[in-house]
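*Asks:* Sending over a structure as structure tokens; questions will come in a sec.
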Amino acid sequence: MASASTRVKAKKQTIFNAQAFLDSVGVARKIVEFPKKAIIYAQGEAAKTVMYIQQGGVKLSVVNSTGKEAVVAVLKPGDFFGEGCLAGQPVRIGAANAIGPTTVLVIEKDEMIRVLHAEHEFSDRFISYMLTRNIRIEADLVDQLFNSTEKRLARALLLLAQYGQNDQPQRVLPKVSQETLAETIGTTRSRVNLFMNKFKKMGFIKYNGGLQINSSLLSVVLHE
């Protein structure tokens, strides 16, 4: 039986590096840098490109007819977004904003379709990524409907820290404001602040050159 270290090493070797793959196959794209809170694309704008986050983070949101905003997802480096154009969406059904200084690769729709048809390994990985993200969004909806604010916040922090995708007991989060966290889990900033202070007192999080999340925060999600 393989040792734990061997299994971890094997897992790391099988991680698909989309950035490296896009570089190796010569995908035509441009690199764009956005400052914090910049609009990457607006709701209702023509959908013509797919984007890949190199650095920073992106907030996806939707605004209804009365002006109320709902955050659909907070994305991190290694995530794609704007892929709706590949399914025939003529316009963006939501907006994308940088939550901090952010660098993205912008790939034209026709070029992305060409690569998906020509590069089967990339196509398989991209489809797997999109299915996984859709499952995540469905889980977010269930979380929103049935779990308490405290559990929703704990789960959101663990997801942002990529819990279960690394071997570190603590992870430093990308810079995400309490306001964005509140919008993500459907509550007020004051409620987020209340629970963040509680998590800090319990040792689940700490501030040290950024927000560090301890894996013990999982106990909040699992607690009935």
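*Asks:* Which of the residues spanning segment 122-136 are loosely packed, with under 14 Cβ neighbours inside 10 Å, of a type in the set (D, E, K, R) and closer than 12 Å to Phe21 by Cβ?
*Replies:* Result: Asp124, single match.
*Asks:* Looking at (1) surrounded by 12 or more Cβ atoms within 10 Å (Cβ to Cβ); (2) more than 19 Å from Pro90 (Cβ to Cβ); (3) over 18 Å from the mean Cα position of the chain (by Cα), which is the one condition that is false for Val58?
*Replies:* (3)
*Asks:* Name the residue that is most open to solvent (accessible area, probe 1.4 Å), counting only residues in segment 137-158 that are in contact with a Ser or Thr (Cβ under 9 Å, 6 or more places away or on another chain) and closer than 17 Å to Asp79 by Cβ.
*Replies:* The qualifying residue most open to solvent (accessible area, probe 1.4 Å) is Asp140.
*Asks:* Might you let me know whether segment 33-49 holds any residue that is at pLDDT 85 or above, over 30 Å from Thr188 (Cβ atoms) and polar (S, T, N, Q)?
*Replies:* yes
*Asks:* Right, here's the next one. Does segment 71-121 hold any residues that are open to solvent by 50 Å² or more (accessible area, probe 1.4 Å) and assigned to a strand (DSSP E or B), and which are they?
*Replies:* Listed by number, the residues that qualify are Val72, Val91, Glu108.
*Asks:* I need every pair where a residue in segment 23-52 that is over 27 Å from Glu119 (Cα atoms) has its Cβ under 6 Å from the Cβ of a residue that is surrounded by 13 or more Cβ atoms within 10 Å (Cβ to Cβ) and aromatic (Phe, Trp, Tyr), sequence separation at least 6 or different chains.
*Replies:* Ile40/Phe34
The values are calculated or read from the model by the stated rules, or taken from the named source; none is laboratory data. As the structure is a computational prediction, the values presented were derived from the model and not from experiment. Glycine gets a Cβ as well: all are built from the backbone with ideal geometry, and neighbour counts include every protein chain shown. Only protein heavy atoms, including side chains, enter the accessible area calculation; ligands, DNA and RNA are left aside. Shrake-Rupley method; radii C 1.70, N 1.55, O 1.52, S 1.80 Å.
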